[in-house]
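Chemist: Starting off with a structure, shown below.
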Amino acid sequence: MLSRYLPSLRARRTAATAAVAACVCVGVGLLFLLFAGGREADFAQARVTDAWNLVVPLIRQGPLPPVLPRGEVEAIQVLDARGRVVASTPELAGRPPIATFRADARNVRTTRVLCPPRGLEGCMTVTSYKVYQQQGVWLLYVAIPEVPWYGATADLLLVVGASLVVTAMMTAWSFRDLTKAMAPVNAIRAELGEITLTALDRRIPVPADYQEIRLLAETVNDTLDRLESAYTRLRRFTADASHELRTPITAMRTHLEGALLHPRDTDWLETTHAVLAGVDLLQATAADLLTLTRLDARPLLCRDPTDLHRLVKAELNRRTHRNKIVEDLAESACVECDRLRITRLLGNLLDNAERHATSRITVSVRVEGASAILEVADDGAGIPAEHREVVFDRFARLDTARNRDAGGTGLGLAIAREIAEAHGGTLTVEDSEQGARFVLRLPACDACPSVRTG
């Protein structure tokens with residue numbers, strides 16, 4: 001496919017140059033033929049003039065022989081004042097006039113092309129001269145073969161031959177250059193045909209020549225880098241998801257098998273609660289996986305101007321909290337967002353803070369320049385600087401100090417960051433005097449509804 005649709009620009013320029021050269025060659029050939037035709041026409045007219053100079057003195061001085069020398073013209077006829085043929089070249093001896101036209105009263109000479117003249121063959125240029133005598137006006141007809149626009153046949157053959165030679169040379173040069181240009185493209189195509197999921201580490205060759213193909217090869221290699229990275233993440237994510245789903249399933253199976261082995265000694269209410277907790281975790285993990293899948297597809301968001309202050313306030317009032325909530329909310333911070341998804345983002349941050357806070361969670365909203373900022377901070381153990389990006393990985397696990405919670409799916413922060421990026425914003429972990437501080441930045445907007453809480 002590449003070799004068919006992506007020839008190098010240099011090769012295209014070569015082909016264009018060859019085409020232009022061929023057109024120039026044809027144009028020059030046409031001009032040469034026009035020049036040759038004009039030259040041949042001048043020579044023909046000169047022969048007609050020579051015939052006139054030869055015959056007219058004979059008419060005026062006499063005697064006029066009945067058979068005239070042919071000279072360099074095809075045929076000559078002389079008609080007297082009564083229209084009788086009185087002299088002609090040998091091929092017209094005893095034949096009627098080859099033409100009947102004559103020049104008008106204001107001219108002495110006129111020319112026409114007859115196909116053919118009477119008594120002759122082929123198209124010929126016939127010139128009629130008026131010769132004034134005492135008996136009246138005599139006519140002199142001089143016939144020569146019609147001169148084609150291209151002049152002599154030899155000129156035409158010369159131009160055609162030269163054009164063919166030049167065109168063949170330019171075609172051969174273009175073919176050689178195109179073949180050379182397509183060699184790296186064919187190598188790229190062959191290498192791409194051998195790259196499979198088991199060989200994503202392979203890369204296509206980058207040619208040293210042809211800048212356009214080199215840029216193409218580099219772009220394809222960059223795409224393969226991203227594809228390999230994405231596939232690696234997908235495999236790791238699949239393995240992690242399998243592990244995370246296997247853990248509650250194993251726990252539930254253990255509870256159920258233990259209950260079946262010792263049915264009389266089993267606290268069935270406790271067993272039911274334990275299995276139900278595992279089901280809840282499975283359900284939460286499956287829901288988070290589905291949410292991530294939808295976010296990965298970059299769905300269209302239903303964005304509406306929303307007061308971030310009111311949205312956060314409504315969510316805090318709706319939830320119950322184990323820890324003290326400290327609110328530091330600005331009067332207004334307007335953003336264009338999908339309120340349901342931003343509410344989900346805030347809920348994930350609050351859930352994370354609830355799991356790791358010691359006693360207090362601080363939630364703040366403010367506007368800085370063109371950004372609306374939401375912060376959720378806890379007073380827990382905090383996150384080391386080297387792990388501040390790792391926590392946003394799917395199923396990320398840090399040390400046990402940050403992994404106290406048994407109800408988390410390991411996907412909440414990953415979902416939160418995906419939602420932030422889908423809105424054109426960022427979600428990061430920044431420095432804090434104590435605990436972890438998550439900072440969401442979204443583009444602020446001007447207009448905001450007066451009453452709307454999401």
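Chemist: Say we look at segment 188-215 and pick out the residues that are hydrophobic (A, V, I, L, M, F, W, C) and open to solvent by less than 40 Å² (accessible area, probe 1.4 Å); which of these is nearest to residue 177 (Cα to Cα)?
Modeler: 213
Chemist: Taking segment 50-95 on its own, how many of its residues are loosely packed, with under 14 Cβ neighbours inside 10 Å and among the β-branched types (Val, Ile, Thr)?
Modeler: Within segment 50-95, residues that are loosely packed, with under 14 Cβ neighbours inside 10 Å and among the β-branched types (Val, Ile, Thr) number 1.
Chemist: For residue 345, indicate whether it is open to solvent by less than 10 Å² (accessible area, probe 1.4 Å) and in a helix (DSSP H, G or I).
Modeler: So residue 345 fits the description; yes.
Chemist: Restricting attention to segment 102-136, and to residues there that are closer than 15 Å to residue 83 by Cα and surrounded by 15 or more Cβ atoms within 10 Å (Cβ to Cβ), which single residue is farthest from the chain's Cα centre (by Cα)?
Modeler: Within segment 102-136, the match that is farthest from the chain's Cα centre (by Cα) is 131.
Every residue, every condition in (1) closer than 30 Å to residue 229 by Cβ; (2) of a type in the set (D, E, K, R), yes or no:
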residue	(1), (2)
105	no, no
122	no, no
145	no, no
177	no, yes
182	no, no
186	yes, no
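Chemist: Continuing with the same structure: Has segment 165-178 got at least one residue that is part of a strand (DSSP E or B) and free of Cβ contacts under 8 Å to residues at least 60 places away in the same chain?
Modeler: No; the residues of segment 165-178 include none that is part of a strand (DSSP E or B) and free of Cβ contacts under 8 Å to residues at least 60 places away in the same chain.
Chemist: Also: Looking at residue 369, is it farther than 26 Å from residue 292 by Cα and among the small types (Gly, Ala, Ser)?
Modeler: Yes, satisfied.
Chemist: Would you be able to tell me the number of residues in segment 251-263 that are loosely packed, with under 11 Cβ neighbours inside 10 Å and not aliphatic (A, V, I, L, M)?
Modeler: Count: 3.
Chemist: Return a yes/no flag: does segment 230-242 have any residue that is open to solvent by less than 50 Å² (accessible area, probe 1.4 Å), in a helix (DSSP H, G or I) and more than 30 Å from residue 276 (Cα to Cα).
Modeler: Yes, there is a match, as at least one residue in segment 230-242 is open to solvent by less than 50 Å² (accessible area, probe 1.4 Å), in a helix (DSSP H, G or I) and more than 30 Å from residue 276 (Cα to Cα).
Conditions (1) closer than 27 Å to residue 26 by Cα; (2) at pLDDT below 80; (3) among the acidic types (Asp, Glu), marked per residue:
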position	(1), (2), (3)
141	no, no, no
152	yes, yes, no
164	yes, no, no
170	yes, yes, no
173	yes, yes, no
187	no, yes, no
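Chemist: Another one. Name the residues in segment 108-161 that are touching a Gly at 6+ places or on another chain (Cβ under 7 Å) and of a type in the set (A, V, I, L, M), would you?
Modeler: Once the filter is applied, which keeps residues that are touching a Gly at 6+ places or on another chain (Cβ under 7 Å) and of a type in the set (A, V, I, L, M), segment 108-161 yields 147, 159.
Chemist: From the list 258, 193, pick out the single residue that is at pLDDT 80 or above and out of contact with any Asp or Glu (no Cβ under 8 Å at 6 or more places or on another chain).
Modeler: Selected residue: 258, the only one of 258, 193 that is at pLDDT 80 or above and out of contact with any Asp or Glu (no Cβ under 8 Å at 6 or more places or on another chain).
Chemist: For segment 123-140, name all the residues that are over 19 Å from residue 57 (Cα atoms), outside any strand (DSSP E or B) and in contact (Cβ under 8 Å) with a residue 24 or more places away in the chain.
Modeler: Selection gives nothing.
Chemist: Shifting gears a bit: I'd like the residue in segment 366-395 that is under 42 Å from the mean Cα position of the chain (by Cα) and in a loop (DSSP other than H, G, I, E, B) and, out of all such residues, is nearest to residue 423 (Cα to Cα).
Modeler: 370
Chemist: For segment 141-157, give me each residue that is in contact (Cβ under 8 Å) with a residue 24 or more places away in the chain and farther than 20 Å from residue 45 by Cβ.
Modeler: Result: 156, single match.
Chemist: Hey, does segment 348-365 have a residue that's outside any strand (DSSP E or B), surrounded by fewer than 13 Cβ atoms within 10 Å (Cβ to Cβ) and either modelled with pLDDT under 90 or basic (Lys, Arg) (or both)?
Modeler: No: segment 348-365 contains no residue that is outside any strand (DSSP E or B), surrounded by fewer than 13 Cβ atoms within 10 Å (Cβ to Cβ) and either modelled with pLDDT under 90 or basic (Lys, Arg) (or both).
Chemist: Just one of the numbered conditions (1) over 30 Å from residue 21 (Cβ atoms); (2) small (Gly, Ala, Ser); (3) surrounded by fewer than 16 Cβ atoms within 10 Å (Cβ to Cβ) is not true of residue 161; which one?
Modeler: (1)
Chemist: Right, residue 419: out of contact with any His (no Cβ under 7 Å at 6 or more places or on another chain), part of a helix (DSSP H, G or I), surrounded by 20 or more Cβ atoms within 10 Å (Cβ to Cβ) and modelled with pLDDT under 90 or not?
Modeler: No, not satisfied.
Chemist: Check residue 181 against each of (1) within 30 Å of residue 212 (Cα to Cα); (2) modelled with pLDDT of 80 or more; (3) buried (at least 18 other Cβ atoms within 10 Å of the Cβ) and name the one condition it does not meet.
Modeler: In the conditions (1) within 30 Å of residue 212 (Cα to Cα); (2) modelled with pLDDT of 80 or more; (3) buried (at least 18 other Cβ atoms within 10 Å of the Cβ), residue 181 misses (2) alone.
The values are calculated or read from the model by the stated rules, or taken from the named source; none is laboratory data. From a predicted model like this one, the values you see are computed outputs, not experimental measurements. Cβ: placed from backbone, ideal geometry, glycine included. Neighbour counts: every protein chain shown. Accessible surface areas use protein heavy atoms only, side chains included; no ligands, DNA or RNA. Shrake-Rupley method; radii C 1.70, N 1.55, O 1.52, S 1.80 Å.
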